[in-house]
1. For region 1-71, state which GluC sites (Glu not before Pro) are in a DSSP loop and have at most 15 other beta carbons lying within 10 Å of their beta carbon.
2. Rounded to whole Å, give me the distance from the Cα center of region 1-61 to that of region 72-95.
3. Which chymotrypsin sites (Phe, Trp or Tyr not before Pro) in region 4-99 pass both tests, a DSSP loop state and at most 16 other beta-carbon atoms within 10 Å?
4. Using modelled amide H (1.01 Å from N, peptide plane; none on Pro or chain starts), what sits under 5 Å from the amide H of Gln47, excluding residues fewer than 5 places away?
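Just so you know, all these numbers are worked out from the coordinates, no wet-lab data involved. Quick caveat, the model's predicted, so the values are computed rather than measured. Neighbour counts run over all protein chains shown; Cβ positions are idealised from the backbone, glycine included.
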Amino acid sequence: MLSEADILATLRDCIEPEAKQNIVDLGLVHAVETGPDPASTPAAPCQWVRVRMTLGTPESPSSVSILKQLQNRLGGIAEISRVELDLIWQPKWMPRRAG
């Protein structure tokens, strides 16, 4: 079973194009949850992952790129059967939250 640390390590490959820093260290990812997915059908044990994160602003030009990177990275892991993304806007992201 993948841990929260495994998911965060994977998300460090997702780069915010304007800041040229990964979304975890930039402070965009607030929480990661994971658990077994009873609805999955493959023989191998699969799990769901929920990422709770923010973006700099809702209309950020980088938003689409970041979200595609996140879906591609997590969607490419065989053990993950379902990815849920919760975008939150409070607390508002600020540069001092990074790192």
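1. Those satisfying the criteria are Glu18, Glu59.
2. 4
3. Answer in residue order: Trp89.
4. For Gln47, whose amide H was placed from the backbone, the distant partners under 5 Å are Asp37, Ile80, Ser81, Arg82.
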